[in-house]
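Beneath this line is the structure, given in structure tokens, with notes to follow.
The values are calculated or read from the model by the stated rules, or taken from the named source; none is laboratory data. Nothing here was measured: the structure is a model prediction, and the numbers come from that model. Glycine gets a Cβ as well: all are built from the backbone with ideal geometry, and neighbour counts include every protein chain shown. Note: accessible area is taken over every heavy atom of the protein model, side chains too, but ligands, DNA and RNA are not part of it. Shrake-Rupley method; radii C 1.70, N 1.55, O 1.52, S 1.80 Å.
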Amino acid sequence: MALGSVLLEILQRPTIGEVLSEILIFVIPLWVAVAVGVLVGWAWKPKWASNLSREMLLDSKVSKEAKKEGEFSATTRSSVIPSFNILKFQLPSCVSWVADDGGFQKDSLSVPPTLNSECSSSKMKKEKPDLVMEDDLEHLSKLVEVTDGGPAWIQMMDRSTPTMSYQAWRRDPETGPPQYRSRTVYEDVTPELMRDFFWDDEFRAKWDDMLLHAETLEDCPTTGTMLVQWVRKFPFFCSDREYIIGRRIWESGRMYYCVTKGVPCSSVPRRNKPRRVDLYYSSWCIRAVESKRGDGQLTACEVMLFHHEDMGIPWEIAKLGVRQGMWGAVKKIEPGLRAYQKHRASAAPLSRSAFMAQINTKVSADYVRSLESRTSSDMLEIESQETPEKRVGNNIPKFLVIGGAVALACTLDRGLATKALIFGVARRFAIGRRM
């Protein structure tokens, strides 16, 4: 209606010259907005677009070859027109805007072959003799002592309940996704119970509603090292994510360094859905601390968590989502922890993963301090190398966003409400880039 009234007002001008000039004034901002949109699309250029073009090109070649050979079978016909299927599983996993239909399909996640059958222990040792090594302990200890040489941490949150307190920080490295650090203190919990709680995948399924599938692929009864597969549920507009995780625990007194990180595993084939997350790091340090009741007793438990991952979602959007949903997700952990306390108090048998959590590599406090004092040149590089294309794709120039909002506001309507909405979105996005 507003667009029609504007056009009608232009056409009622007394002379043709005035009509043409008004039309030019009206159309130019529209073309500017289109140009800005093209620039934004070119700068973002998500990975699924490249994959889509490659697959369509491959399918066109297949169809041509099939026509030449006269073998246009039903299988070939289904591959010649792949657009809907490609978009169906490429857009949700990479751009995360289109909803998946049917959610998590158990058939699409058939149980992978365990290492007891096709993926034997000897093959695993040959492929990767040490999933989690001393360098990982060194890196985690430096993160805990804030001596890793990374950017400064920016505080995001400071919340508490009567039985739990929570603080969170974030930092943005030059390459790689945003990194998060949190400190949570739970009252009346021992470090050993907290260690087992986070490791117990069988019980985790009862309180972590994002965990769809957890399976131990391999474990070492000597060091406690484990290779596990997780599938986590994402919001309706994203596809689920698969994680192949190596994990191990070091014990120094009653202080536990728990390392979990993404590791390669060729024995578990990749699927289109769920999408595998390769860059994943989530490690924590657990220790007893004084209760906030002020009685001088070490009856509380501190968990220092360090986490980052590349989920295949633009980092600016992921940061906004983390900020909005962080406290709600943290509050869901404590009810699960209290239920686990009751579960363990009932003398229920230990699960395999909880049993493995109790096999720790013991190190002295002096040894940990010697790791922390090593030169930064010996540090383990956790971040993977980012391609220039991906770096550009996750950092859209702010002037493109604001410029597009200006052009759009000038084109769509002359009312203040529309302009306020558009500028508000642009401002929100710009502020989000600094979060």
| request: Report the local net charge at ASP209: Lys and Arg +1, Asp and Glu -1, summed over other residues whose C-beta lies under 12 Å from its C-beta. | output: +4
| query | Whole-Å semi-axes of the stretch 205-313's equivalent ellipsoid, largest first, each the root of 5 times a Cα gyration tensor eigenvalue? | reply | 31, 18, 12
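Given a cut-off of 27 Å, name the pairs among LYS292/LYS342; LYS319/LYS342; LYS142/LYS206; LYS142/LYS273; LYS273/LYS331 whose C-alpha atoms lie farther apart than that in the structure shown.
LYS319/LYS342; LYS142/LYS206; LYS142/LYS273; LYS273/LYS331
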| field | Spin-label proximity, ALA365 to the stretch 277-300 - amide N less than 19 Å from point 7 Å beyond Cα toward beta carbon | value | 285-291, 296-300
| What Kirkwood hydrodynamic radius do you get for the stretch 134-379 when you take the inverse of the mean 1/r over all pairs of distinct Cα atoms, in Å? | 19.0
| remark: Dividing the mean separation of Cα pairs under 8 Å (6+ apart) by the residue count of the stretch 134-379 yields a relative contact order in percent of 24
| query | Can you list the HN-Hα couplings for the stretch 217-225, worked out from phi with the Karplus curve (6.51, -1.76, 1.60; θ = phi - 60°), rounded to whole Hz and with x for Gly and Pro? | reply | 8, 7, 9, 10, x, 8, 9, x, 5
| For SER239, distant residues with modelled amide H under 5 Å away | SER93
| request: Would you tell me the accessible area of PHE237, worked out with a 1.4 angstrom probe on the heavy atoms of the protein chains, in Å² to the nearest 10? | output: 70
